[in-house]
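For reference, the structure discussed in these notes is given below.
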Amino acid sequence: MRDVPLPTLPLSGLYMPPRRPRPATEAAAAAERQARPPRDAARFSVHWAQGQREIREAQRLRHDVFVEEMGARIQPPPGAPAGHDIDMFDPYCEHLVVRSDAGAVIGTYRVLTPQSAARLGGWYSDTEFDLTRLRHLTPRIAELGRSCVHPAHRNGAVIMALWSGLGGFMLRHRLDTVIGCASISMRDGGDVAASLWHQLKQQHLAPIEYQVQPRLALPLDDLRHDLEVEPPALIKGYLRCGAKVLGPPAWDPEFNTADLPLMLRLSDLPAKYRRHFLGDVEAVA
């Protein structure tokens, strides 16, 4: 669930081809938007990586975005090839990729299932937060991470395609909860992250029984809380889908980001997003 710098548009306003006559009513407009495919849908394909070669392509894209573009200082494991973002979680994850019509990987997500997390000994989010209060949900959780889109394709269609692929994965594996760490840049020193946390906790904080605590907390008392800030686009998209913030942000020194713990349950998806990402299925039984 990591954010990328100014990547994708919010979920509203994605389908806006020019010179289309305006529908006569709001209901007609809504129906038209629902039926309209993403503008770039014919220009790429979405699938799960098959084999090491495709995973390496996703890792190269991640390196380009996180290291070259965002300035992350990631320590790769010994023997890792140069120019790749690789960590100990990758071999245990499923990797969703989007390819352009030219064949290049232009978007990716990785997903850690409950079975793989058990073999590994925990979730990536465990390294940043104490997840004790989520233990009862573990058998139905998918953890998302390392989300990124190539800068030439950040028009919204790629991330929508990734989310649709994730929706199908959740249904096939009978999972109903998504968790992950959503990142906010710390290039300003942390005032933006602290102010955003102060805003989001007013309306989007999870009930106490789901709240978690950071292992390396952002020093909120030393930072401003009064800035008027917009959530990064990816976080805004998750919130519109019904995601909850599980607690205050942790500081990630490698990425120089403040990471918010997020959780989205499929049962909380608004109807329009449920139809888009899950089709006609109403719930995971």
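Any read-out appearing in this document is the output of simple, stated calculations on the displayed coordinates, not a laboratory observation. Everything numeric here is computed off the predicted structure, so don't read it as measured data. Note: ideal-geometry Cβ built from the backbone for every residue, glycine included; neighbour counts use all protein chains shown.
When the residues of the stretch 243-270 are filtered to those that are part of a strand (DSSP E or B) and among the aliphatic types (A, V, I, L, M), which remaining residue is nearest to Trp163 (Cα to Cα)? Step by step, filter the stretch 243-270, then rank; the result is Leu264.
When each of Leu175, Leu196, Leu218 is tested for being hydrophobic (A, V, I, L, M, F, W, C) and farther than 22 Å from Ala72 by Cα, the lone residue that passes is Leu175. Residue selection: Ala152 satisfies the criterion of being out of contact with any Asp or Glu (no Cβ under 9 Å at 6 or more places or on another chain) and in contact (Cβ under 8 Å) with a residue 12 or more places away in the chain.
When every residue of the stretch 205-216 is checked against the conditions, at least one turns out to be β-branched (Val, Ile, Thr) and within 21 Å of Thr127 (Cβ to Cβ).
Out of Leu239, Leu223, Leu200, which single residue is within 22 Å of Ala271 (Cβ to Cβ), surrounded by 18 or more Cβ atoms within 10 Å (Cβ to Cβ) and not β-branched (Val, Ile, Thr)? Matching residue, one of Leu239, Leu223, Leu200: Leu239. Going residue by residue through the stretch 247-263, is there one that turns out to be buried (at least 17 other Cβ atoms within 10 Å of the Cβ) and charged (D, E, K, R)? Looking through the stretch 247-263, at least one residue is buried (at least 17 other Cβ atoms within 10 Å of the Cβ) and charged (D, E, K, R).
Taking the stretch 141-156 as the range and being more than 20 Å from Asp90 (Cα to Cα) and of a type outside the set (Gly, Ala, Ser) as the test, the residues that pass are Pro151, His153, Arg154, Asn155.
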